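What follows is calculated from the coordinates using simple rules that are stated; it is not laboratory data. Since the structure is predicted, the reported quantities are computational estimates derived from the model, not experimental observations. Reconstructed Cβ throughout: ideal geometry from the backbone, glycine too, with neighbour counts over all protein chains shown.
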Amino acid sequence: MSITFTDQLDKPSEITAIPNQLLRPIFGASYGFDVPVSGGGGAPAFNNVSSISLDGTNDSIDVASNPNLDVYSCSLWIKTSTVNFSFLLSGFGGGTGAGAYRNQSGLRINGGSGRLLEYQDYNTGGTSRIKAGDVVSGDLTDGAWHHIALVYVPSSYQTTTGTSSGNGQGYKIFLDGNRVDTGLNGSGFQLATTVPEFKVGREGDRALYFYNGLIDELAIFGSSLSDANITTIYSSGVPGDLSSFSPTLWWRMGDGTEAGSGTTIYDMSSNSNNGTLTNGPTFSTDVPS
Ligand SMILES: [Ca+2]
Ligand SMILES: [Ca+2]
């Protein structure tokens, strides 16, 4: 019997479930009913009522110091009707020799020439881009909420159209649960790491390419999530509790410890990489639903 008990403790899934077990009674109490601890058809209560609005002029969410995270996966929601070349996230440098250019790596939209959604990797080999070629004009700027995810592939990476990268590494790009990475420009992809200029809503090291729209439930993960995981997270357009995926950074954009006020977006992971609302982003009650 003691052997069975040890095996249970050794399972990562059992360990990562602990925070949920602790949170559920709190949620249950706040809603005035008992929440099942596990199984029984009772999903844990999860509330999403707040996002962040960025003005496209000078708003961003910044970190005070290097989050120092390996970006194996990333997930976020956006809503915009502005067709501007802009960075959703920056500061995803993956190399060691590109200096400040690493701060310009990231996820961006409306780059033109079919690059409406792309991941840019500014590394030792220069600029490498993975673009979502199936995304057409209007898909991202239709004023509706969309889910975007990136997932690092360490070897044998191919786009959905079968193009291989030079070193076998790359990132899958998902839009609303579907893989959409179709085009490569450059070949020197690497695992991205966050750098000191990690920012949401603008390019990292220059006051350029500000995003105009809403953003919600931004998370980074220390593992390459499966396609099925992304489907679960997309959840037909309704954000859910990400704790079971063990995010290494999770900004709830008003639903976290900040509770819809102040200028700090608290990291709901255990890493305390909080964000600072810079130049006037505001909380919004417009959320994916
Ligand atoms: Ca939220
Ligand atoms: Ca502003």
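Tabulated data
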read-out: Karplus-derived HN-Hα couplings along the range 270-277 (A = 6.51, B = -1.76, C = 1.60, θ = phi - 60°), whole Hz, x at Gly and Pro; value: 8, 9, 6, 8, 6, x, 10, 6
read-out: Using θ = phi - 60° and Karplus 6.51 cos²θ - 1.76 cosθ + 1.60, couplings along the range 111-122 (whole Hz; Gly, Pro as x); value: x, x, 6, x, 9, 6, 9, 8, 10, 10, 10, 9
read-out: Gain in span if fully extended, N47 to S113, counting 0.36 nm per residue against the direct Cα distance; value: 19.9 nm
read-out: GluC sites (Glu not before Pro) within the range 180-279, DSSP loop, no more than 14 other Cβ atoms inside 10 Å; value: none
read-out: Order by protection proxy (mean Cβ within 10 Å, highest first), peptides 275-283, 152-160, 218-226; value: 218-226, 275-283, 152-160
read-out: Cα gyration tensor shape for the range 116-248, rounded if a/c is under 1.5, else prolate or oblate; value: rounded
